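Take a look at the structure below.
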Amino acid sequence: MIKLFSLKQQKKDEEGSARAGGSQKKASAAQLRITKDLNELNLPKTCNTEFPDPDDLLNFKLIICPDEGFYRGGRFVFSFKVGPNYPHEPPKVKCETAVYHPNIDLEGNVCLNILREDWKPVLTVNSIVYGLQYLFLEPNPEDPLNKEAADELQSNRRLFEQHVQRAMRGGYVGSNYFERCLK
Amino acid sequence: MADGEVQTLDYQQRRWHNIRKLLERSGPFCHPDFEPSAEILDFIMNSCKVLIVGAGGLGCELLKDLALMGFKKLHIVDMDTIELSNLNRQFLFRKNDIGLSKAKCAVEFVNKRVPGCEAVAHHCSIQDLDEGFYRQFHIVVCGLDSIVARRWLNGMLMSLLQYNDDRSLDQSSVIPLVDGGTEGFKGNARVILPGMSACIECTLDLYPPQKTFPLCTIANTPRLPEHCIEYVKVLQWAKENPWGSSTSLDGDDPQHVAWVYEKAQERATKYGITSVTYRLTQGVLKNIIPAVASTNAAIAATCATEVFKLATSCCTNMNNYMVLNMSEGVYTYTFAAEKRPDCIACSNTTRSMEIESNATLQAIYDKLCEDKGYLMKSPGITTIINGRNKTLYMSSIKSIEEKTRDNLKKKITELGLYNGADILVADVTTPNTLTIKLKFSNNLDDDMGR
Ligand SMILES: [Zn+2]
């Protein structure tokens, strides 16, 4: 038990009497945690990060270049925004590359459970990287964001593969145009 | 002596009669170390400074409770202004106060109503106030609805801790935090002794995550009215940008809410879902859970009691986390939340490192890898200079390594570091990012005050 009354019978410092040297801003818990996450980032060989401003660890890009599966040879850029409530809330992740994918829509929204409903503070940036990488290896038609792509993957795998290839080379799939994103 | 004065004196005697019984005599429930004395009442009335964070539902209750208990040196901080919907439970405010500062109105009301109370209002956000401000308080009690704000406050109180040379905690630097929270018929109250017991970050897992639905469900298989509203909020807004791409959705803007409501209704009709209402739209957008006045009253009373116990030592504090659930019957229990040895906030005791003022960053890096106290593998080093984060060196990320490699050759003073500056170091060998204070070993003119 802390005995405040006996410890502090003396009045406390009056307002504004900041101690010398105490004026350096303290790092937020979110900042401390993301520094830790990033310093321990263990990227698979198909992934890379880019920090436009190395002093800003809260905003960065992840580049995934799958080496197998439907999306082999493509280069997909994701933006990460880590908010002040990290890790209570997950980072906001968007796909900046237009991609024909059952779980990524044309606005770049990504359907990955740990980015929303299954996020937990024990998860890290690394968990998200692996989750995203997995989406390219095993697109999941059960959780569609792009319904056409999902239906196609289930009904006609070959056609789906052709459409993925066409989108990555740059071209139309249906009425939607995709920029070239081959390496 | 005039009649009036006698009455006042008599009134003063009677006014503190019950509090005196607690503080001026011993009893079976007292803490064994408690020494009854008349000075304790003097302490809470004239010396003990308490900061109340938040002047909303809990804050109004806390200010009233503490003022009536005899605390006079009360400060209250809140950046919000009064809205019509507050008036049912934030009882220090009247209709005429709408639009005015919550903190100021609450203080004005209580100072007028409770003789002798000298409460002070701060109409600003907690982040606007600095270490010097927080250090003046004996106790901080908070009634906030924001986890970010709680975490910030927790971090601030941790940063005020001082450690002795043997790395033991200097108890006089501890400012206890009493934290209350409510959500509908549920609430909790807890006592945190920074550096000594479980803190907000230790138990971050206890906060329920914000209710979210899988993105694919709201995009393709909506079943609930909430799914339709979330769809408009998360997907349709960004697609259509009804007020231009620079305007983000504001749950307080009636036009925005109306737009979302309309679009959500359209979507609901398409999927045969009923009961999308304006209120529900508001609720989903702002994540509103109806506030219940009696929950606030119960939680605030618990918090105020704990503040009283802390200030007077007359009784042992709760240990340390109380849960109240009145949604079915009334249920409450108290458990001891455990301090996490790897907590990012409270295990992060600042260490210091001696270094020559003309050393290079490489010298710090080498010390971190080779000194027995550290033996790190690949430390990432950052700092904060003039309020901005700065990455000094991080080898694990290629693009950062390339951009910061040259820093290793630079003198630490060239990089903006000074005697007394904190560096933040992350490494696989430690559970957390460490804060390390630099101590210049050959320092002649002490520029700590910079
Ligand atoms: Zn902690």
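The values are calculated or read from the model by the stated rules, or taken from the named source; none is laboratory data. Small disclaimer: the values here were computed from a predicted structure and weren't measured. So basically every Cβ, Gly included, is an ideal-geometry build from the backbone, and we count neighbours across all protein chains shown. Quick note on the areas: whole protein, heavy atoms, side chains included, nothing else; ligands and nucleic acids left out. Shrake-Rupley method; radii C 1.70, N 1.55, O 1.52, S 1.80 Å.
Side notes on the structure shown:
- Segment B:220-268, residues that are open to solvent by 50 Å² or more (accessible area, probe 1.4 Å) and among the β-branched types (V, I, T): B:T221
- Sole exception among (1) open to solvent by 60 Å² or more (accessible area, probe 1.4 Å); (2) under 30 Å from A:K36 (Cα atoms) for A:K147, by number: (2)
- For B:I344, the stated conditions hold: it is crowded, with 18+ Cβ neighbours inside 10 Å and within 16 Å of the ligand (Cβ to nearest atom).
- Selected residue (criterion: surrounded by the most Cβ atoms within 10 Å (Cβ to Cβ)) from residues of segment B:352-370 that are touching a residue at least 24 places away in the same chain (Cβ under 8 Å) and more than 17 Å from B:N442 (Cα to Cα): B:L368
- Of the residues making up segment B:6-26, those that are of a type in the set (K, R), outside any loop (DSSP other than H, G, I, E, B) and either open to solvent by 70 Å² or more (accessible area, probe 1.4 Å) or in contact with a Gly (Cβ under 7 Å, 6 or more places away or on another chain) (or both) are B:R14, B:R20, B:K21.
- Residue within segment A:52-66 that is over 23 Å from A:D105 (Cβ atoms), within 9 Å of chain B (Cβ to nearest Cβ), out of contact with any Lys or Arg (no Cβ under 6 Å at 6 or more places or on another chain) and of a type in the set (A, V, I, L, M, F, W, C) present: yes
- Hits in segment B:131-152 (condition: open to solvent by less than 10 Å² (accessible area, probe 1.4 Å) and within 11 Å of chain A (Cβ to nearest Cβ)): B:G132, B:F133, B:Y134, B:Q136, B:F137, B:H138, B:I139
- Flag if A:S155 is open to solvent by 70 Å² or more (accessible area, probe 1.4 Å) and among the polar types (S, T, N, Q): yes
- Lone qualifier among B:G132, B:G59, B:G116 - being part of a helix (DSSP H, G or I) and either modelled with pLDDT under 95 or hydroxyl-bearing (S, T, Y) (or both): B:G132
To keep it simple, each residue is scored yes or no on (1) within 25 Å of B:V191 (Cα to Cα); (2) in contact (Cβ under 8 Å) with a residue 40 or more places away in the chain; (3) surrounded by fewer than 19 Cβ atoms within 10 Å (Cβ to Cβ).
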| residue | (1), (2), (3) |
| --- | --- |
| B:G56 | yes, yes, no |
| B:K64 | yes, yes, no |
| B:G70 | yes, yes, no |
| B:K73 | yes, yes, no |
| B:T81 | no, no, yes |
| B:N96 | no, no, yes |
| B:S101 | no, no, no |
| B:E108 | no, no, yes |
| B:S125 | yes, yes, yes |
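- Of the listed requirements (1) at pLDDT below 90; (2) more than 16 Å from the ligand (Cβ to nearest atom); (3) within 14 Å of another protein chain (Cβ to nearest Cβ), B:D252 misses just one: (3).
- Of the criteria (1) within 13 Å of the ligand (Cβ to nearest atom); (2) assigned to a loop (DSSP other than H, G, I, E, B); (3) facing chain A (nearest Cβ under 10 Å); (4) touching a strand residue (DSSP E or B) at 6+ places or on another chain (Cβ under 9 Å), which one B:E201 fails: (4)
- Qualifying residue in segment B:27-43 (condition: open to solvent by 20 Å² or more (accessible area, probe 1.4 Å), touching a residue at least 12 places away in the same chain (Cβ under 8 Å) and assigned to a helix (DSSP H, G or I)): no
- Some residue of segment B:323-339 being at pLDDT 90 or above, surrounded by 16 or more Cβ atoms within 10 Å (Cβ to Cβ) and within 16 Å of the ligand (Cβ to nearest atom): yes
- Residue match in segment B:213-235 (condition: in a strand (DSSP E or B), among the hydrophobic types (A, V, I, L, M, F, W, C) and more than 14 Å from the chain's Cα centre (by Cα)): no
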